[in-house]
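Heads up: the structure comes next, in structure tokens.
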Amino acid sequence: MNARVPAEVFPPGEFLREELEARDWSQQELADILDRPPRLISELIAGKRAITPETAKGLGEAFGTSPDYWMNLESQYQLSKVTVPNDNVARKAHLYTQFPVREMLRRGWVQASERVEVLEQRFCEFFDISDVSATPQLSHAAKKSHAMADATPLQLAWLFRVRAIASQQVAPTYSKAKLLSAIEKLRALTMAPEEVRHVPCILADTGVRLVFVEALTSSKMDGACFWLDGTKPVIGMTLRFDRIDNFWFVLRHEIEHVLQEDGKAENRAVIDTDVGALKDGLPECELRANAAGADFCVTTAELDDFVARVQPYFSEERVLRFAQRIQVHPGLVVGQLQRRLDRHDFLRKHQVKVRSFVLPSADVDGWGSFTE
């Protein structure tokens, strides 16, 4: 089959010349009709002047056509003169559609380049794909807005950054028994916010790699669990909500994914963001992880007993005494009561921040201090 050759596009002046010949008008006569200088008509026919909306309206009235007819002729002619030297625009548009290019360049995850082919290669290397038309794949179980939904480009970029950092960590062989024992060590840290600084070391001793990467704008990521080489568990967290209760809930949630080996065998996202939200249709692994997170903060039995004894009078004093008795920070109790009572403003002041305590002791990318 022969290649299609685009039809030649003529300047509007050629059509104007034909209209004059059909009516046996001279250029001077048309100038008189339009009440415009003769030079204008001459330059239009010679293609030296573009048709403006005002001129298009006059020609339409003179020849009984619409102004759009003459404007379209001008637009088609001007577009025909534009030559695109290469397909850089289309290739860049594909990159920006496929990946969060601007944000990744800003973070320094991918080095910028003026050459689109170099930029494409760097994105392929980041996502471990053969070409930019391929879809990145990473087995993971994460907390995102729609359980079992495919990860968005923003979320995939975040996950791959976590993987890149985790791959550089040196950790012993993962031990499920050690991780189970570590849960009690972690529980002992819940009394004071500054104690979260010990978490990365405790998990590293069990063979779990913990990485904190600031969430990309609108990615809605809270945490994730995946496996390197099928044997090395990784927990990534965004600390999107800098609150003591959220930190411990998400961490314990992801630890449960590790213990259950969620995301290890299948390349299927198990994702959810509304941390601990009571929603219908959550998969079993999410329900199990949510229950583990809630029970770690305040055991269900103890919370049920407290609610039954004091409701509806949940005074600050009673909450503080209860937290002291079960030996957890009041913020953890407040977080669970907020969910139970559906009152997210309840004693919010006790949900203290912890990010500044944990970041200095961990592998981090974001918050103004990016990991190289």
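Throughout, read-outs are computed from the coordinates displayed, never taken from laboratory work. As the structure is a computational prediction, the values presented were derived from the model and not from experiment. No Cβ is skipped: glycine too gets one built from the backbone with ideal geometry, and neighbour counts run over all protein chains shown.
Using the beta-carbon distance between D32 and V82 and R0 = 25 Å, what value does 1/(1 + (r/R0)^6) give for FRET efficiency, to the nearest 0.05? Computed FRET efficiency for D32 and V82 comes out at 0.10. Which one is right for this structure if Rg/Rh (Cα atoms, Kirkwood Rh) is calculated from it: (1) 1.28; (2) 0.95; (3) 1.03? Step by step, Rg/Rh (Cα atoms, Kirkwood Rh) for this structure corresponds to label (1).
Applying a threshold of 24 Å to the alpha-carbon distances of K92/K232; K220/K353; K185/K232; K185/K353; K264/K353; K48/K81 flags K92/K232; K264/K353 as lying beyond it. Each part reduced to its alpha carbon centroid, the range 198-256 and the range 26-73 end up 69 Å apart.
Given a Förster distance of 22 angstrom, what is the FRET efficiency for Q324 paired with R187, based on the Cβ-Cβ distance and rounded to 0.05?
Approximately 0.90, to the nearest 0.05.
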